[in-house]
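Enquirer: Sharing a structure below in structure tokens format, with a few things to ask.
The values are calculated or read from the model by the stated rules, or taken from the named source; none is laboratory data. Not measured: the values here are computed from a predicted model. Methodologically, a virtual Cβ is constructed for each residue, glycine included, from the backbone with ideal geometry; neighbour enumeration extends over all protein chains shown.
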Amino acid sequence: MTQEPGDVDLARDCASPAARGRPRSEAASQAILSAVLELIAAHGSISDVSVDAVAERSGVSKATIYRRWSTKEELVATAVDSIKSTPDFPLPHTSVRDDLLALGRNVRTSFTDKERKVLKCMMFESTANPDFKRHHDRFIERRRSFIKEVFRLGVERGELRDDIDLDLAVAMFMSPLLTIIVYQNYPDLHTEGIVERVVDNLLRGLGR
């Protein structure tokens, strides 16, 4: 198989013990997405990140990048989505509170400083770039649906009022956690018990 010039180092890395057994295409994709996140965090901006810079940092050719993502906006949205995927652990489903606490604690512990910088940039870019927002909204809809199901089950079990607006409930749960924990706009609130405080205050308004 013919290697592309920018892929030589990556092909060698794929033979290492850490990457052994992984498809080469998966390793290339991971290198590309990691490079995108590193560049966004370093620049403090999404608009300043170029495909040329991504190719240089990842060691993967521009042709390979464009075969996977047709636009920069789609590439960046995929990279951001890679750090904001739905939790990979089962929710207890013993109560709405237990599920929301599990989700909130995951938010509190799962992001690195670099990822927080990226997510802040994503928030600003979404308001200014319709193409990026369109790609990003498609990804975050999965997470909204995931959380909405928690509230729907709560209504079904009789824990919550049956007239609640499920979409609004999702926003009321996620917005303070993102603002306080991820964006860190209220550092005085960034305490050990903040998840419990957010969840309990929310449920006092939504409960029966």
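Enquirer: Considering only segment 166-208, how many residues are modelled with pLDDT of 85 or more, over 17 Å from G154 (Cβ atoms) and of a type in the set (S, T, N, Q)?
Expert: Summing the residues that are modelled with pLDDT of 85 or more, over 17 Å from G154 (Cβ atoms) and of a type in the set (S, T, N, Q) in segment 166-208 gives 2.
Enquirer: Within 19 Å of A102 (Cβ to Cβ) and either hydrophobic (A, V, I, L, M, F, W, C) or assigned by TED's automatic domain parsing to the domain that holds G104 (or both): does that describe T191?
Expert: When the stated conditions are applied, T191 passes them.
Enquirer: Still on this model: Go through segment 172-208 and give me each residue that's over 22 Å from T109 (Cβ atoms) and surrounded by fewer than 19 Cβ atoms within 10 Å (Cβ to Cβ).
Expert: Matches in segment 172-208: R204, G205, G207, R208.
Enquirer: Which fully enclosed helices (runs of 4 or more DSSP H) of segment 107-187 have 2 or more residues being out of contact with any Gly (no Cβ under 8 Å at 6 or more places or on another chain) and under 19 Å from L202 (Cβ atoms)?
Expert: Passing ranges, in order: 130-156, 166-177.
Enquirer: How many residues are within 19 Å of F151 (Cβ to Cβ), surrounded by fewer than 17 Cβ atoms within 10 Å (Cβ to Cβ) and touching a residue at least 40 places away in the same chain (Cβ under 8 Å) when one looks only at segment 98-113?
Expert: The total comes to 1.
Enquirer: Within the bounds of segment 135-150, is there any residue that is surrounded by 14 or more Cβ atoms within 10 Å (Cβ to Cβ), under 29 Å from T191 (Cα atoms) and of a type in the set (G, A, S)?
Expert: Checked segment 135-150: no residue is surrounded by 14 or more Cβ atoms within 10 Å (Cβ to Cβ), under 29 Å from T191 (Cα atoms) and of a type in the set (G, A, S).
Enquirer: Here is a check on your reading of the model: is F111 under 21 Å from L33 (Cα atoms) and either in contact with a Phe, Trp or Tyr (Cβ under 8 Å, 6 or more places away or on another chain) or modelled with pLDDT under 85 (or both)?
Expert: Against the criterion (under 21 Å from L33 (Cα atoms) and either in contact with a Phe, Trp or Tyr (Cβ under 8 Å, 6 or more places away or on another chain) or modelled with pLDDT under 85 (or both)), F111 qualifies.
Rundown of residues vs (1) without any contact (Cβ under 8 Å) to a residue 12 or more places away in the chain; (2) basic (K, R), yes/no style:
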| position | (1), (2) |
| --- | --- |
| S45 | no, no |
| V49 | no, no |
| A53 | no, no |
| E56 | yes, no |
| I65 | no, no |
| R68 | no, yes |
| T71 | no, no |
| L75 | no, no |
| T78 | no, no |
